[in-house]
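Data block below; observations after.
The values are calculated or read from the model by the stated rules, or taken from the named source; none is laboratory data. Predicted, not measured: the structure shown is a model, and the values here were computed from it. Here the Cβ positions follow ideal geometry from the backbone for every residue, glycine too, while neighbour counts run over all protein chains shown. Ligands, DNA and RNA are stripped out before the accessible areas are found, and what is left, the full protein with its side chains, is counted by its heavy atoms. Shrake-Rupley method; radii C 1.70, N 1.55, O 1.52, S 1.80 Å.
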Amino acid sequence: MPPHSFEIGPAGKTAARAIVRARTARGYSQRQLAARVTALGRPMTATALSRIERTVRRCDIDDFVAIATALGAAPHTLLASSPRDRGHAERAET
């Protein structure tokens with residue numbers, strides 16, 4: 001049986017953009033953020049984080065909560081879309 005390919009949906013894309021925005025706003029490199037996530041007990045490599053940010057890899061809820069915590073943000077604040085993200089979602093729905 002071939003592996004299933006799951007497309008990353010609008011919420012996943014919004015989360016990925018939010019992670020990038022929050023990470024860069026705090027001045028963290030991907031390597032630094034991955035190390036902070038790992039220090040919280042959720043092992044993560046810079047490569048895994050890069051793939052999440054580029055929407056090549058799905059971000060499961062455990063990773064998302066650990067990333068948000070490492071960024072010093074509540075998970076729901078990362079999911080609150082920016083005006084740019086709302087525009088993407090509106091275009092996707094039409």
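Tabulated results
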quantity: Residue-normalised accessible area of the stretch 1-58, expressed per residue, 1.4 Å probe, Å²; calculated: 66 Å²
quantity: Separation of the Thr55 and Thr24 label points, Cα + 7 Å toward Cβ, nm; calculated: 1.6 nm
quantity: Order of exposure, largest accessible area first, which applies to Glu7, Glu53 with probe 1.4 Å; calculated: Glu7, Glu53
